[in-house]
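Below is one structure, written out as structure tokens, with a few remarks after it.
FYI, it's all coordinate maths here, none of it is from the lab. All figures in this text were calculated on a predicted structure; none of them were measured in a lab. A quick note on method: Cβ atoms are made from the backbone with ideal geometry, for glycine too, and the neighbour counts reach across all protein chains shown.
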Amino acid sequence: MKLIVGLGNPGVKYENTRHNIGFLILDQFAANRKKNFKAGKGDWYECGLKVNGEDVILMKPVTYMNNSGSAVKEFCELHDLKNEDVLVIYDDFQLRLGMIRVRKKGSDGGHNGISDIMYMMNTEEIPRMRAGIGNEEILSKDEFIDFVLSDFSKDEFVILKKLMPEYEKCIISFITEDIKVTMNNFNRSFLISGKENSEIK
């Protein structure tokens, strides 16, 4: 079994915010397969499906972003899942919209959601997929909180719609391939040319 966790905040107030890109990606992934989320046995919503014969659970914690770790830990303990079978999807305002960064492990990068998951799971070895939400503006510490909690613009939603197939392919790659393959194929921007991508490390 694979667990794909999308991070976000529950409620209508937050549903279209940049911080909720993890929820948005999983909602689209489920909708494309005509699947629906239902209340889980803890503080999360879940959607079960199969990908290439593999059992997959999509999870949206409803603990609010900063307390996501308790839901992930509880689910993993219930199903005896290993860390390498979990992929956490979340926003990164330091990456431009259209960029994907997959990592097998690492620091929290200042993101409270993944930070709480690593704290509750007592490890940095949590596979993650960071989805860029940023633009060319350089944000100060005081500005980025308002930025991530603001709604995507209409133009950004048009771009997101175009990006959804790439996010989906990345998730499927994680489920079916070694994570190194996923990193090699998806750690780039899907909105810029190949030459520019080769210059981004």
What number comes out for the charge environment of ASN184, summing +1 per Lys or Arg and -1 per Asp or Glu over other residues with Cβ under 10 Å away?
0
Of PHE29, GLY53, LEU139, whose Cα points farthest to the positive end of the dipole of region 2-198 (charges on the beta-carbon: +1 Lys, Arg; -1 Asp, Glu; origin at the Cα centre)?
GLY53
Could you calculate the contour length gain from GLU137 to ARG33, that is, 0.36 nm times the residue separation minus the distance between their Cα atoms, to one decimal place in nm?
33.8 nm
If unit charges are put on Cβ atoms (+1 for Lys and Arg, -1 for Asp and Glu) and the dipole of the chain is taken about its Cα centre, the option from MET118, LEU78, LEU191 lying farthest towards the positive end turns out to be LEU191
What's the ranking of 115-121, 27-33, 156-162, 56-62 by average number of surrounding C-beta atoms within 10 Å, highest first?
56-62, 115-121, 27-33, 156-162
Count charges around ASN20 for me, please; just the other residues with Cβ under 13 Å from its Cβ, Lys/Arg as +1, Asp/Glu as -1.
-2
Less than 14 Å Cβ to Cβ from ASN32, Lys/Arg counted +1 and Asp/Glu -1: what total charge do the surrounding residues give?
+3
Using Cα positions and a limit of under 21 Å, work out the lysines in reach of LYS2, with same-chain residues fewer than 8 apart set aside.
LYS34, LYS35, LYS38, LYS41, LYS50, LYS60, LYS73, LYS82, LYS104, LYS105, LYS169, LYS180
If you place +1 on the Cβ of every Lys and Arg and -1 on the Cβ of every Asp and Glu, how big does the dipole about the Cα centre of region 69-156 come out, in debye to the nearest 20?
380
Towards the positive end of the charge dipole of region 2-198, with charges on Cβ (+1 Lys, Arg; -1 Asp, Glu), say which of ILE4, PHE93, THR63 has the farthest Cα.
ILE4
Given Cβ point charges of +1 (Lys, Arg) and -1 (Asp, Glu) and nothing else, what value in debye, to the nearest 20, does the dipole of the chain about its Cα centre take?
580
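Could you state the orientation-averaged shadow area of the convex hull built on the Cα atoms of region 52-201, in nm² to one decimal? Provide the component values of the computation, followed by the final result.
Values: hull surface 38.7 nm².
That works out to 9.7 nm².
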